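*Asks:* Structure below; questions to follow.
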Amino acid sequence: MGATGTGESRLSVDLATHFRGQIINSDKMQVVVYIEKILKTQRVPIIDGGSNSYIEKLVEDLVFMFKYKYDSFFIWIDVEQLVLNRRVDMTVNQMVKAALVDEMRQIFIPDAD
């Protein structure tokens, strides 16, 4: 878990590679179903992304029974604000260079200058 730009997605890839895991984006509504499928393949499910409130609901909600069914641990990545700002700025600059702004403008406001 961590804010956008902290490196949580990169860490999930590294963990999945090291532990023979498979990444599940926590925005998926059927996370528990995916966990069951991954466990059947002898892989380690790694939940990445999504809001903290969604992860909290996943863990605490009795409907999911997550905390009673699975051994789990959480990694919270925290980055100094200046470093985080620099990373996000670099990402936005890369998106602009890749013409993402022009692409979005055409989708949302086709006649915009």
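*Asks:* For segment 100-113, give me each residue that is surrounded by 10 or more Cβ atoms within 10 Å (Cβ to Cβ) and of a type in the set (A, V, I, L, M).
*Replies:* Matches in segment 100-113: Leu100, Val101, Met104.
*Asks:* What's the total number of residues in segment 44-65 that are assigned to a helix (DSSP H, G or I) and surrounded by 10 or more Cβ atoms within 10 Å (Cβ to Cβ)?
*Replies:* Number satisfying all stated conditions: 8.
*Asks:* Same structure again: Of everything in segment 87-99 that's under 21 Å from the mean Cα position of the chain (by Cα) and among the hydrophobic types (A, V, I, L, M, F, W, C), which residue is surrounded by the fewest Cβ atoms within 10 Å (Cβ to Cβ)?
*Replies:* Looking at the filtered set, the residue picked out is Met90.
*Asks:* Okay, next question. Go through segment 66-78 and count every residue that is crowded, with 17+ Cβ neighbours inside 10 Å and closer than 18 Å to Arg10 by Cβ.
*Replies:* Residues in segment 66-78 being crowded, with 17+ Cβ neighbours inside 10 Å and closer than 18 Å to Arg10 by Cβ: 0 in total.
*Asks:* Considering only residues that are surrounded by 14 or more Cβ atoms within 10 Å (Cβ to Cβ), under 29 Å from Met90 (Cβ atoms) and either at pLDDT 85 or above or in contact with a His (Cβ under 9 Å, 6 or more places away or on another chain) (or both), which ones fall in segment 14-43?
*Replies:* Once the filter is applied, which keeps residues that are surrounded by 14 or more Cβ atoms within 10 Å (Cβ to Cβ), under 29 Å from Met90 (Cβ atoms) and either at pLDDT 85 or above or in contact with a His (Cβ under 9 Å, 6 or more places away or on another chain) (or both), segment 14-43 yields Leu15, Ala16, Gly21, Gln22, Ile23, Ile24.
*Asks:* Criterion first (in a helix (DSSP H, G or I), farther than 18 Å from Met1 by Cα and in the same structural domain as Met1 (by TED's automatic domain parsing)) does Tyr68 satisfy it?
*Replies:* Yes; evaluated as a whole, the condition is true for this residue.
*Asks:* Within segment 1-24, track down each residue that is assigned to a helix (DSSP H, G or I), under 13 Å from the mean Cα position of the chain (by Cα) and of a type outside the set (A, V, I, L, M, F, W, C).
*Replies:* Glu8, Ser9, Arg10, Ser12, listed by residue number.
*Asks:* Here is a follow-up. Can you tell me how many residues within segment 89-111 are over 21 Å from Gly5 (Cβ atoms) and touching a residue at least 24 places away in the same chain (Cβ under 8 Å)?
*Replies:* Adding up the residues that qualify gives 0.
*Asks:* Would you pick out the residues in segment 25-38 that are outside any helix (DSSP H, G or I) and hydrophobic (A, V, I, L, M, F, W, C)?
*Replies:* Met29
The values are calculated or read from the model by the stated rules, or taken from the named source; none is laboratory data. Note that this is a predicted model, so its numbers are computed, not measured. Cβ coordinates were reconstructed from backbone atoms using ideal geometry, including for glycine residues, and neighbour counts include every protein chain displayed.
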